[in-house]
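For reference, the structure is listed below as structure tokens.
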Amino acid sequence: MPAVKSPSKTASANQSAISRQEASITPEQRYQMIAEAAYFRAERQGFRGNPAQDWLDAEAEIDRILHHPGKAGLSPKQAFQQKLEAQLRELDTAFDELKLQASLAKADLRTEFEKQLEVLAAKRTTAQTKLGELSRRTEGAWEDLKGGAEKAWDDMRQTLSQIATRFK
């Protein structure tokens, strides 16, 4: 029968495993991990963000992963941001389909279609701006933008739906 560890021995063993993992990462490796994470953050923002903030956010993320390997999942901000990015890609696909339909429409209908697409393009720009603002916020300060970002997405989605329904 296997021996059952007491809670204090289990906690001690877990702490030892974490300490071994932290010890196995050299300062140079940690630096490289942070540099790569900061680069990918900047890339997601189209290299228009704040490099110092990208570095600080990446450093916090890497340290969180190194100190809490079981919690290496996405933060609420990262999950929300990824959800918005995926929705934006989907909306861009639908927008491209509508532009194709507009180009194939009759002249009088095409003019109205193009006006609606201009409105949608402006709303998409607003949504992209909100996503950029969200990207530049720290983990602790992003929630104040969440409502505005969601509203921009809902507004864009509703406009896209109205256009698609109207011109079917």
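Among the candidates A122, A149, A141, the residue that is within 22 Å of the chain's Cα centre (by Cα), in a helix (DSSP H, G or I) and loosely packed, with under 15 Cβ neighbours inside 10 Å is uniquely A122.
Only one entry in A102, A107, A79 is more than 26 Å from T26 (Cβ to Cβ), modelled with pLDDT under 85 and touching an Asp or Glu at 6+ places or on another chain (Cβ under 8 Å), namely A102. Within the option set T125, T129, being over 26 Å from A58 (Cα atoms) and polar (S, T, N, Q) holds for one residue only, T125.
Got a sec? Which helices (runs of 4 or more DSSP H) wholly within the range 20-119 have at least 2 residues that are aromatic (F, W, Y) and more than 13 Å from the chain's Cα centre (by Cα)?
Values: elements: 27-44, 51-67, 76-104.
It comes to 27-44.
Among residues of the range 74-116 being closer than 30 Å to T138 by Cβ and among the small types (G, A, S), the one that is surrounded by the most Cβ atoms within 10 Å (Cβ to Cβ) is S75.
The values are calculated or read from the model by the stated rules, or taken from the named source; none is laboratory data. Please read all numbers here as calculations on a predicted model, not as lab measurements. Counting neighbours? That spans all protein chains shown, and the Cβs are built from the backbone with ideal geometry, glycine included.
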